[in-house]
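Every number in this text was worked out from the coordinates using simple rules, so none of it is lab data. Keep in mind that what you see is a predicted model, and the values were worked out from it rather than measured. Here the Cβ is made from the backbone with ideal geometry for all residues, glycine too, and neighbour counts use every protein chain on show.
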Amino acid sequence: MKNAYFLLALAIAVLYTSCQSPENELDNRVESLLKQMTLEEKVGQMTQITLDVIGNGETVFSSGYPFELDTARLRKALVDYHVGSILNTTNNYAMTPEQWYTIISQIQEVATTQTRMKIPVIYGVDAIHGVTYTDGAIMFPQQLTVAASFNPVHAYNMGVVTAYETRASGIPWNFSPVLDLGADPRYSRIYESFGEDPYLIGAMGVQLVKGYEGMNADSLSSPVKVASCVKHFLGYSVPVSGKDRTPAYIPDHILREYHLEPFKKAIEAGASTLMVNSGLINGVTVHASHDIITKLLKEELGFEGLVVSDWNDIINLHTRDKIAVDNREAVKLAINAGVDMSMVPYHYEDFFNDLVALVKEGEVKESRIDDAVRRILKVKLRLGLFETPVTKYTDYPGFGSEKSARMAYEAAADAITLLKNQDSILPLTANLKVLVTGPNAHSMRTLNGGWSYSWQGEKTGQYTEEFNTFLEAIRLKTAHVTYIPGVSYINDGKYFEEQEDQFAEAVAAARRADRVLLFVGENSYTEKPGDLNDLTLSPLQTRLAQELIKTGKPVILVLNQGRPRTIAAIEPGVKAVINTYLPGNYGGDALADILYGVVNPSGKLPFNYPSYPNSIVNYYHKPSEEQNPAAGAYNYESDYNPQYEFGDGLSYTTFHYSNLKASASSFGAKDELEISVDVTNTGTRAGKESVLLFSSDLYASISPDVKRLRRFEKISLNPGETQTVRFRLRAGDLAFVNTSNQWVTEPGDFEFTAGDQKIKVTYKN
């Protein structure tokens, strides 16, 4: 009888084990590992260091030496201090997939054979618009450029290709996407965002996360997927000064309605990791905010993934923000706030020793440590690192493929935005004599921007000889090209430093040309080094434009920049304006195809382009920001005067909107409302049109936005073709956050607009 009971119990155990879900199996593996770990091993897993700490990065490449890991320093970090994560490249240089494989294989060999727990390292990198630090990787347009396409397919494709090529580099973790609200054009990282609209950011962000991680929780184990890291949670991108890592002041209801929603959608889409805002909100340093990291993110939003600090931001609580008297208190504040992994990145011994001591003294509970390590181990297990600590470049024959390159080109071609085309000056014909001039005409560095082969993008030219600058791409279209820069950047200086470069010669050459193609904008930058004091286009570039306009020859202004530098002083004098944003390695080819009519432009602005530095107003502004002159004794007005507005963008054909209608004249909380509109190509060319649906809450308990983007769809139409575009919404899609931090849709009239069409629908609670 005992044997029978034993066999029955065994059968039940086997059946139980076989019936466990993959998630339960993963949890069991995590708990098994956690029970075996010492406190020191747990804290090590929470420690992330930069690659140069364990190698000879100070001399690599620039001195002609191959990168080498320092065996003693590597063992100290991984064996003695149990470090669980490494990030970044060496000495700010891009390496080949083979070099990456060699380095990461050596790291993982130590982690998985010479440590007691044999837990693999998780390696992370900022692969922002392609694999930033891998030579030969496909560079897509930057996120802001992709947003201008209003086609989320491009965000998804960028994610798929970048994930594949990041894994081809042996790296499983990508610190992307940026889901910050790009609402302040002064900000140095606006080009890393998807623009100023929360709905657009969320739609693009979800597709980028799915491209990185796959469509479901099991996809992450695929060797062609990476763990994404949505950043920077929360409210990072609208500092009062406009300068990076300076304080922001954001009311709670604004923070929730505009800043939180894209992160919420990305978390729901399965984002595995998240990075914390480096700055301050309302005087509170986010890295020390238990309310934001634990209560809001982990408890309210239910985020179960890994929360990582930004670069050096825990020690910054002491050195910069002055809320911690020393490193030890800084560590205590951040870990208790909910940070799971510290991007140290250099002096990791201090973080490690302080956190171990804090736990032993009861200042940080070991349960908080266990929670952090669970999250870290889950990501490592989901990525399959225990089975395959490093993926090998030879298993990725599609690295740098023509197919992937075509996706990058199509994203750029779909995004470049024609903002002005007076007298149909564009497209050009090949017989016209063109002068190509300006500092951005012949530079791969300006095409790509920051996060391109190096942090600031200054080394881009060393890796991009095979690609075409704007000038080189134009020369493939016509033999009638004269190139004189007029102004050039001082590439060894700061991004804004420039000089005259055959200035008078450029103006003289314009008089002999049929058309002048003037390429202006910015040199590459990112983060704090990209701060500015004046949003106006630089004085030297402005003067070049003015002198060229005086010649009387038609000037076509091509903008190549990471943020909208104001051009009010020169815009009236130019015949056409094209915004290329930062279109990547294939942006030169895409622009040339647009200039010469091979591609019909279809991009639209994903932000308001300001006319003046002191007139920065988003498209979803309040009615009080747009007033007609008042009558009576006091004569005043509020001047809403963007140079170009969110959603602006021209085509070489024309589109007519008609028959905008709703499925009902009124709807309730449980109803689905369909809004439809007919769009007709009334021109002579095939073209694409991004159909944008806006709503306006005509009256609300707090002053409503003038309008908000609710849906969009990009369509293709042949000449004479009509398509009916349908959008479906529910009451919640029209809600706002009130001052009690509640999402509400209040009864009343809503106006919907698409193109020049308007209709009114009533919501009844």
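How many percent of DSSP beta bridges within segment 39-395 run antiparallel, rounded to 5? Mind dumping the intermediate values first?
Details: 4 of 26 bridges.
Around 15 percent antiparallel, to the nearest 5.
Between their Cα atoms, which of LYS380/LYS604; LYS322/LYS494; LYS265/LYS322; LYS322/LYS365; LYS243/LYS360; LYS210/LYS604 are more than 31 Å away from each other?
LYS380/LYS604; LYS265/LYS322; LYS243/LYS360
Under 1.5 on a/c is rounded, so check that first for segment 653-763, then, if it is not, pick prolate when a/b is larger than b/c and oblate when it is not; a ≥ b ≥ c are the square roots of the alpha carbon gyration tensor eigenvalues. If you can, show how the numbers build up before the last one.
Working: a/c = 2.75, a/b = 2.27, b/c = 1.21.
It comes out prolate by the Cα gyration axes.
Rounded to the nearest 500 deg cm²/dmol, what is the calculated helix-only ellipticity per residue at 222 nm for the chain, with -39500 (n - 2.57) per DSSP H run of length n ≥ 4?
After summing the helix terms and dividing by residue count, I get -8000 deg cm²/dmol.
List the lysines whose Cα lies under 16 Å from the Cα of LYS550, skipping any in the same chain that are fewer than 8 positions away.
LYS575
Normalised by the empirical 2.2 N^0.38 Å for globular proteins, what value does the Cα Rg of segment 108-231 take? Show your work: numbers first, answer last.
Numbers: Rg = 15.5 Å, N = 124, 2.2 N^0.38 = 13.7 Å.
Normalised Cα radius of gyration, segment 108-231: 1.13.
Quick query: amide H of LYS420 versus all other amide H atoms, modeled in the peptide plane; which residues come in under 5 Å with a sequence gap of 5 or more or a different chain?
VAL577
Check GLY55: other-chain or 5+ apart residues with amide H under 5 Å from its amide H, H built from backbone geometry?
Under 5 Å from the amide H of GLY55: ASP70.
So how compact is the chain: Cα radius of gyration and Dmax in angstrom?
Taking only Cα atoms of the chain, I get Rg and Dmax of 27.3, 106 Å.
Using θ = phi - 60° and the Karplus form 6.51 cos²θ - 1.76 cosθ + 1.60, what ³J(HN,Hα) does each residue of segment 190-207 get, whole Hz, x for Gly and Pro?
After applying 6.51 cos²θ - 1.76 cosθ + 1.60, I find 4, 5, 7, 8, 9, x, 9, 9, x, 5, 4, 4, x, 5, 5, x, 4, 5 Hz.
Using amide H atoms built in the peptide plane, which far-off residues or other-chain residues are under 5 Å from MET95 H to H?
Under 5 Å from the amide H of MET95: THR134, ASP135.
Can you tell me, using C-alpha contacts under 8 Å and at least 6 residues apart, the relative contact order of the chain as a whole percent?
Relative contact order comes out at 12 percent.
In whole Hz, with x marking every Gly and Pro, tabulate ³J(HN,Hα) for segment 76-85 from phi via Karplus 6.51 cos²θ - 1.76 cosθ + 1.60, θ = phi - 60°.
Working through the residues one at a time gives 4, 5, 8, 8, 7, 10, 6, 4, x, 8 Hz.
Please order VAL146, VAL390 by the number of other Cβ within 10 Å, starting at the fewest.
With the sparsest Cβ surroundings first, the list reads VAL390, VAL146.
Exposure proxy check: ASP180, ASP244, ASP671, ASP756 ranked by fewest other beta carbons within 10 Å?
ASP756, ASP671, ASP244, ASP180
Straight-line reach from LYS764: which lysines fall under 21 Å, measuring Cα to Cα and dropping same-chain residues less than 8 apart?
Counting by Cα, and skipping residues close in sequence, LYS764 has these lysines nearby: LYS661, LYS670, LYS707.
Mind listing the phi-derived Karplus ³J(HN,Hα) values for segment 521-537, rounded to whole Hz, using 6.51, -1.76 and 1.60 with θ = phi - 60°, and x for any glycine or proline?
x, 9, 7, 6, 6, 7, 6, 4, x, x, 4, 9, 10, 8, 6, 5, 3
So, in Å, what gap is there between the alpha-carbon centers of segment 102-127 and segment 212-269?
Their Cα centres are 27 Å away from one another.
Of LYS225/LYS528; LYS118/LYS378; LYS433/LYS553, which ones are farther than 22 Å apart at the Cα?
LYS225/LYS528
Looking only at Cα atoms, what is the convex hull volume of segment 39-395 per residue, in Å³?
Details: hull volume 44.3 nm³, N = 357.
Given the Cα convex hull of segment 39-395, per-residue volume reads 124 Å³.
How high is the relative contact order of segment 152-306, in percent, counting Cα pairs under 8 Å that sit 6 or more residues apart?
25 percent
Antiparallel DSSP bridges in the chain: what percent, to the nearest 5?
Looking only at bridges with both residues in the chain, the antiparallel portion is about 55 percent.
Rounded, prolate or oblate: which one fits segment 408-539, using the alpha carbon gyration tensor with axes a ≥ b ≥ c (rounded when a/c is under 1.5, else prolate when a/b beats b/c, else oblate)?
prolate
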